[in-house]
Amino acid sequence: MPKLPDTLTIGEVVERSGVPHTALRFYEERGLIAAERTAGNQRRYRRAVLRRLAFIRTAQRVGLSLEEIRDALATLPDARTPTKSDWARLSRTWRTELDARIAALHRLRDRLTGCIGCGCLSLKSCTLINHDDRLAGLGPGASILKGAPEPG
């Protein structure tokens, strides 16, 4: 069996990862991945970039920001392919955040179903309404859906 190359061209990374070349350049600009340059100024990626790209795409699907992803990837080794224990450690750091997001999605699902299920979409019975702007002190955004307790 022939030895796999240590580096890949941008086209090979696109083909292997399914990530468009524009996204690769974007991720590189944001510090999520790195490429080396040849004497002809062509990008070459280490083989481990494929694993990082899969991780980036998965993290984006669960709603993590590129900043959160970049910070997490910064904790992984550059000189070697991350191990199973590296990935396990990294994923543990997000468990609480992901559990909170899952809970928020459950609240959203349950409250929207109740509202839409009544058939009237009435503001009098809507569980998401903010009567008299009671929630203004909790900060921006949909505080109820984020799980903030409603002020008494």
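The values are calculated or read from the model by the stated rules, or taken from the named source; none is laboratory data. On a predicted model such as this, the values are computed, not experimentally measured, just so you know. Neighbour counts run over all protein chains shown; Cβ positions are idealised from the backbone, glycine included.
Identify, by number, the condition in (1) surrounded by fewer than 17 Cβ atoms within 10 Å (Cβ to Cβ); (2) at pLDDT below 90; (3) over 16 Å from the mean Cα position of the chain (by Cα) that Pro82 doesn't meet.
(1)
Within region 67-78, can one find any residue that is out of contact with any Asp or Glu (no Cβ under 8 Å at 6 or more places or on another chain), over 28 Å from Leu105 (Cβ atoms) and in the same structural domain as Pro5 (by TED's automatic domain parsing)?
yes
Ala23: within 28 Å of Leu105 (Cβ to Cβ), out of contact with any helix residue (DSSP H, G or I) (no Cβ under 7 Å at 6 or more places or on another chain) and not assigned by TED's automatic domain parsing to the domain that holds Leu105, yes or no?
Yes; evaluated as a whole, the condition is true for this residue.
Only one residue in Ala48, Ala39, Ala23 is within 30 Å of Leu98 (Cα to Cα), surrounded by fewer than 19 Cβ atoms within 10 Å (Cβ to Cβ), without any contact (Cβ under 8 Å) to a residue 12 or more places away in the chain and aliphatic (A, V, I, L, M), so which one is that?
Ala23
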